[in-house]
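All remarks here apply to the structure that follows.
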Amino acid sequence: MENLLDTIRNTVRAIIIRDKKLLVLKKTDGSYGLPGGAHAPEESLEQGLQRECLEEIGTHVQINRLAYVGDYFKAHKSDPPKIRHQVEFLFDCSVDDNYTPQAGSHPDKRQADVLWLDLENLDHQPLYPVSLKECINKLSKNAPVYIGVMKHL
């Protein structure tokens, strides 16, 4: 693959669904993503996910189970353009019933807001990578954990 960075980055993300709504980060470009981010070398996956959720959505999450693992080849806007190979660990999580969407102590640099998206309208929303839509729709159907390569568009 041309312009592929020579390191692989592990990322951890939380799939949080409550009342038929998905908790997402709204990005400055208008797209949506799941809370989470880079997994640090000294952390377990669960520790990394808790840290990322505190930083981005201002709360600890209840980690129910590892739902999916996928390879994601993410394009970076750089000169020249680069592609980063990420291994995405997606966890089925929940938050307290009284949680109100809010930014945490150290939001993502492209994070504009935290909000609930209706699952019924998810197919019409710019959620990235787009493979997440299929994953979320299959979350309760005992889908395979390894989902292969996640599509960006």
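As a calculated quantity, the FRET efficiency between residue 141 and residue 109 at R0 = 22 Å, using C-beta atoms, amounts to about 0.05.
Taking the C-alpha atoms only, the angle from helix 45-57 to the longest principal axis of the chain is near 70 degrees. Among 113, 71, 19, the residue with the largest mean-square fluctuation in a Gaussian network model of the chain, with springs joining Cα atoms closer than 10 Å, is 19.
What dipole magnitude, in Debye to the nearest 20, does the chain give about its Cα centre under +1 on Lys/Arg Cβ and -1 on Asp/Glu Cβ? Please list the in-between numbers first.
Values: 19 positive and 22 negative charges, 65 e Å.
The calculated dipole for the chain is roughly 320 debye.
Sites listed here are trypsin sites (Lys or Arg not before Pro) in segment 86-149 whose DSSP assignment is loop and whose Cβ has at most 15 other Cβ atoms within 10 Å: 109, 110, 138, 141. Close amide-amide hydrogen proximity is noted between residue 37 and 12, each under 5 Å apart and 5 or more residues distant or on a separate chain (H modeled in the peptide plane; Pro and chain starts excluded).
Contact order normalised by length for the chain, with contacts defined as Cα pairs under 8 Å and 6 or more residues apart; what percent is it? Kindly include the intermediate steps, with their values, before the conclusion.
Numbers: 314 pairs, mean separation 48.3, N = 153.
Computed value for the chain: 32 percent relative contact order.
Across the chain, the longest run free of exposed loop sites, meaning GluC sites (Glu not before Pro) lying outside DSSP classes H, G, I, E and B with no more than 10 other Cβ atoms within 10 Å, spans 43-153.
To one decimal place, what Kirkwood hydrodynamic radius in Å is obtained for segment 4-150 from all pairs of distinct Cα atoms? The answer is 15.5 Å.
Throughout, read-outs are computed from the coordinates displayed, never taken from laboratory work. Worth saying up front: this structure is predicted, and the values here are computed from it rather than measured. Cβ coordinates were reconstructed from backbone atoms using ideal geometry, including for glycine residues, and neighbour counts include every protein chain displayed.
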